[in-house]
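Chemist: There's a structure below that I have some questions on.
The values are calculated or read from the model by the stated rules, or taken from the named source; none is laboratory data. Predicted model only: the values in this text are computed from it and were never measured. Heads up, the Cβs are rebuilt from the backbone with ideal geometry, glycines too, and the neighbour counts pull from every protein chain shown.
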Amino acid sequence: MSVKPGQAHLHRSVRMIGVACGCYVGHHASGVAPRPSPCQLLTAAGARLKMRQTTMAGRVVSALAVGVLLAACGGNSGRTTRVTPTPTPASNSTAADSPAPTLLPSPTPARVTPHPTPRPTGAPTPKHAPPSGAQHVLVIMEENKGYAATLGKCSADPYFCSLASKYASFTNSHGVSHPSEPNYVAFDSGGINGCTTDGSCAANSLSQTDLGGQLTAADVPWVDWQESMPSACFTGGSSGGYALKHNAFQMFKDNQATCHSLPYPGSSAAVSALDGASAPDFAWISPNLTDDMHDGTVQQGDAWLKANLSPILASSWFLDYKSTVIVTMDEGDAGGANQIPTVVISSHAAGVGGVGTSINHYAVLRAIEGVYGLGYLGNAASAPGISNFFG
């Protein structure tokens, strides 16, 4: 069939617009023509127009047909950029049409294991609350050898010296008097209270308030362990390696209603008691006359300290609570300075080393009273504060 010039012009315009608009589509890949869209119908209809002459009217009709087709395809003179929509997976009418594409699963983000929030430096979190809810404090009192013969040399007491280097060691610490008894009484009550010699104060003879009476009044469980004591709350002046002059708690009347002074049971039993359900919050240990260096050597005292203290430092009583151990001495025999070793072992004292603050027994008593919220007895009220080194 012959096509006149006007018809050819219109036919080409229609085909070009159809292609540009995405309407001029050939056969489907399956060989079956798809159902025509409205846009395609318009394009086909325009293609069948017959122009019989190339008149001005024909050109006008051609222009009108192009405009109609552009409007049908959504065109606007070609100035708007065509946006290709994101393809949507087609739903198959039957499972037999083609196998469903395998969708790759989105990668699962790697599981992040949260790290526990670090706890504050001070002290480990308790596994269970102490009976009174208070901190744990242990005092071990050595005897007589003084600072120079112990921490001043470190040749005979490597264990004690290792504690001094690892924790806080007060290098300017002093006893308050001579001989032994007034120092024990001062540590326990804030003053000598007339006990000026060994044996000047008998058991159950002092009416003043002491640390033991304060702890009892505040419902703080406590124990006074005396190595080689023949029986609980023994009132005699001495027996074997036990001496009353090294046990000030037995001298005060406010400790007699309930017996707190007990024979030291040894390291294993002591740890069992400390880790038990009725554990004391405060404990005192006086080794016997050999093990505290009074009659024995520095080497003997250091060996006892290692054998008895190291298990306590590994116990839950110490590790799982805000705990403090003080290892000190009643007096220093050598020289007139009465210098004594005083080592504070706690989480807050770890890594401190030497401390030059001048202290004595009253400062240690003050710190213990502060831990338990007690009032300050006698000279403890004006003593330097060292509780910041406690657990």
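Chemist: Within the stretch 337-366, track down each residue that is among the aliphatic types (A, V, I, L, M), outside any strand (DSSP E or B) and either modelled with pLDDT under 95 or more than 25 Å from the chain's Cα centre (by Cα) (or both).
Modeler: Those that are among the aliphatic types (A, V, I, L, M), outside any strand (DSSP E or B) and either modelled with pLDDT under 95 or more than 25 Å from the chain's Cα centre (by Cα) (or both): ALA337, ALA363, VAL364, LEU365.
Chemist: Looking at the stretch 230-245, can you tell me whether even one residue there is touching a residue at least 40 places away in the same chain (Cβ under 8 Å) and either over 20 Å from VAL139 (Cβ atoms) or of a type in the set (Lys, Arg) (or both)?
Modeler: Yes: the stretch 230-245 contains one or more residues that are touching a residue at least 40 places away in the same chain (Cβ under 8 Å) and either over 20 Å from VAL139 (Cβ atoms) or of a type in the set (Lys, Arg) (or both).
Chemist: Do you know which of the residues in the stretch 201-241 that are more than 13 Å from GLN256 (Cα to Cα) and among the charged types (D, E, K, R) is modelled with the highest pLDDT?
Modeler: GLU227
Chemist: Anything in the stretch 291-311 that is among the β-branched types (Val, Ile, Thr) and either assigned to a helix (DSSP H, G or I) or under 15 Å from VAL325 (Cα atoms) (or both)? List them, or say none.
Modeler: Passing the criteria: only VAL298.
Chemist: Quick one: would you say GLY191 is in contact with a helix residue (DSSP H, G or I) (Cβ under 9 Å, 6 or more places away or on another chain) and not in a strand (DSSP E or B)?
Modeler: It is true that GLY191 is in contact with a helix residue (DSSP H, G or I) (Cβ under 9 Å, 6 or more places away or on another chain) and not in a strand (DSSP E or B).
Chemist: When you check ILE312 against the structure, is it within 26 Å of THR290 (Cβ to Cβ), in contact with a helix residue (DSSP H, G or I) (Cβ under 7 Å, 6 or more places away or on another chain) and buried (at least 19 other Cβ atoms within 10 Å of the Cβ), yes or no?
Modeler: yes
Chemist: Then there's this: Which one is nearest to TRP225 (Cα to Cα), of the residues in the stretch 250-266 that are part of a loop (DSSP other than H, G, I, E, B) and in contact with a strand residue (DSSP E or B) (Cβ under 8 Å, 6 or more places away or on another chain)?
Modeler: TYR264
Chemist: Select, from TYR147, TYR167, the only residue that is within 29 Å of the chain's Cα centre (by Cα) and either within 22 Å of ALA380 (Cα to Cα) or buried (at least 19 other Cβ atoms within 10 Å of the Cβ) (or both). Walk me through how you get there before you give the answer.
Modeler: Details: TYR147 fails: within 29 Å of the chain's Cα centre (by Cα).
Every option except TYR167 fails the conditions.
Chemist: Looking at (1) closer than 20 Å to HIS246 by Cβ; (2) of a type in the set (D, E, K, R); (3) out of contact with any helix residue (DSSP H, G or I) (no Cβ under 7 Å at 6 or more places or on another chain), which one does ASP330 not meet, given that it meets all the others?
Modeler: For ASP330, the exception is condition (3).
Chemist: Would you check if there is a residue in the stretch 159-167 being closer than 22 Å to GLY356 by Cβ and free of Cβ contacts under 8 Å to residues at least 60 places away in the same chain?
Modeler: Restricting attention to the stretch 159-167, the residues satisfying the condition of being closer than 22 Å to GLY356 by Cβ are 160-167.
Retained after the next criterion (residues that are free of Cβ contacts under 8 Å to residues at least 60 places away in the same chain): 161-162.
Yes, the stretch 159-167 contains at least one residue that is closer than 22 Å to GLY356 by Cβ and free of Cβ contacts under 8 Å to residues at least 60 places away in the same chain.
Chemist: Checking the conditions here, which among VAL271, VAL220, VAL327 is within 23 Å of ALA380 (Cα to Cα), touching a Ser or Thr at 6+ places or on another chain (Cβ under 9 Å), of a type outside the set (Ser, Thr, Tyr) and not in a loop (DSSP other than H, G, I, E, B)?
Modeler: VAL327
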